[in-house]
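Nothing in this text is a laboratory measurement; each read-out follows from the coordinates by a stated rule. This structure is a prediction, so every number in the text was calculated from the model and none was measured. FYI the Cβ positions are ideal-geometry reconstructions off the backbone, even for glycines, and counts take in every protein chain you see.
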Amino acid sequence: MTQAVVEVGARLRYDGRVWTLAVLEGARATLVTDEGASAVVLLPYLFADPSFEVEGGPAPGRVPPFGLLEELPEQVRERALAWQRHVREVETGFPDAIGQGAPREQFDPATRSLAQRERAKAEELTAAGWAASTATVRRMRARYRSEGLWGLVDGRAVRERSAVGRADERVVAAVRKVLEGQRERSTGTLVRLRRRVGWLLEEEYGAGVVALPLASTFNRLVHAMADGQGLLGTATQRRWHASRPAPPFTPTVALRPGELVMLDSTPLDVLAVLDDGVTGRLELCIALDVATRSICAAVLRPVGTTSVDAAMLLAQMVVPTAMRPGWDKALSMQRSVIPYERLIALDARLEGAAARPVIMPETVVVDQGRVYVSASFVSACESLGVSVQPVPPANGPAKGNVERTFRAIADGFSQYLPGHTGSDVSQRGAAAEQDACWSLTQLQELLDEWVICGWQERRHEALRHPMMPRVAVSPNEMWAAQVALTGHVPVPLSADDYVELLPLRWQAVNDYGIRFGYRTYDHPGLNPYRRRRSPRADKNGRWEVHHNPYDPNRVWVRLPEGWLEVPWVHAGAVRRPFTAFTFDHVRRTVERWHGREEHEAAIAQALDALHCAVPARDWAAGESGR
């Protein structure tokens, strides 16, 4: 394809005006208008401007989608390459781009006209069994000029498929309208849905004008439109889907102790003997440090948490937990992996303290409960210099860390106690009330002891050592080895032509985004396509994703409206650029010593530590003290 040439005297369009190139000196171009105005522009800046165009020149060429070409079936790709050779021979006399030797007589441009060469090629292909006419050869030449090699690909191999197939658009619109209208209604059957669609079509178009598909076809159409969209299922499932926050569900990441502390409360699955001698349920309030997963404070109270109880969590966090009579010395901070000797020199209060971190929160994340947004609780936070960050209503993913911790407490602590009730009435035993024997104070002491020995010293799969992402660590070990987090280095957006040349993968777009290579990528622009199948039937509904091994911080997804740049959800955790090879090196290095599944956020911390030379002496001190 012929390219436009920028030379002295050329007429250019730039910045909404027409210019003449008067002087070309190195990388600088002097432009003048017909009215006498002039401008000096650097050529790279001029060429990159979206409005730049050479008047009278051919349209700028596009890089063909090489990634898609490589993914085509071999016979389809070979057919397109064969057509490329035939088209080149018709136009130039040579089947390849090099043009060595002499052209064949029937395709020699010096002795044969273009029409003669086209007829000769049609006859040759017909003799070879291709059944190609002169018009076919001419059409393939035109497609090659406009689209390059991609224009020679058999369109049937890349035909896009609609999720609703060939269904009548009026039926599709009616189904969608009825589905949306019954979102808040009680659960019904597909038979009811089909009848309502029929009534709607009769109301809008008249009786018998639009025919309903057969029941089996109608059911497939409904599932194609509604599955994964919260439009089918029970009323509870539909309400839950409607109340979900808009994706992406970006993981909550904190890289230093106290950066984010989540406060929440839940009923404890244990009956206790209250002060009046009556058995009753308790409510558990905890403060969880996101960076270390440390339970900084845990308070048990009768059901009905007050703002005073919430403020007590803050007070417990900032003071050491004293060793209590009867506790084993192994629970002391001096016997733990925490660098006790270094800390005791800075804070004398730690002498005789239990092995639970003392963490001063910077920001506390709370729900919309009146306890946590009350004036007294906010005042308590202000007095400690702590900012309060309420999460949006019904935003479960925003508090996922603390919700998982509640489940861990139920599994590791509550179910082993007399008076265990289970999480609901259907799980409660017949003798739960008779088994209850512990008072609130006794349960509080048991819980404090379990937090220190059963939680803080237990290694969690969700925690990974910053320097060795294959190593699962305990909250106390994480507190000893935690590193600080700053910003990241932005990388400019890439042009479409560059993206076309990047390696290609076919991936599903799920609720959490796109995941491969131990990394998760997400962006709000994926919202309309989550859990939807792509139009590519030959790829099982997966989407075309291009990635750069030298910049794994982002990938590009080809959507119907064009390319979408999708960032890595942990890109902000790594302050300097890195490559996929560095990423894989960290995993391989650790994998030789540990076989556990890596944790994505911990790998991001390790990458940042490698670039920023974060010392690991706290971890070493903790290991030597064990």
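Points worth noting:
- Segments 66-74, 183-191, 125-133 sorted - mean Cβ within 10 Å per residue, highest first: 66-74, 125-133, 183-191
- Cα gyration tensor category, rounded, prolate or oblate, for the stretch 66-158 with a/c compared to 1.5: prolate
- Per-peptide packing, taken as the mean over residues of other Cβ atoms within 10 Å, places 565-575, 77-87 in the sequence 565-575, 77-87 from highest down.
- Here the peptides 17-26, 437-446 are ranked by packing, the mean other Cβ count within 10 Å, and the order with the highest first is 437-446, 17-26.
- Whether the stretch 496-573 is rounded, prolate or oblate, judged on the alpha carbon gyration tensor where a/c under 1.5 counts as rounded: oblate
- Rotationally averaged projected area of the stretch 146-236 (alpha carbon convex hull; nm²): 8.5 nm²
- Gain in span if fully extended, THR189 to LYS177, counting 0.36 nm per residue against the direct Cα distance: 2.7 nm
- At R0 = 60 Å, FRET efficiency that the Cβ-Cβ distance of ALA128 and ARG11 yields, to 0.05: 0.80
- For the stretch 11-54, taking Cα atoms only, Rg and Dmax work out to 9.4, 26 Å respectively.
- Projecting the alpha carbon convex hull of the stretch 314-366 along each direction and taking the average yields 4.5 nm².
- Cβ-Cβ distance of ARG159 and ASP328, R₀ of 56 Å, FRET efficiency by 1/(1 + (r/R0)^6): the value works out to about 0.20.
- Top positive-direction residue, dipole computed over the stretch 66-158 with Cβ charges, set ALA128, ALA115, GLY67: ALA115
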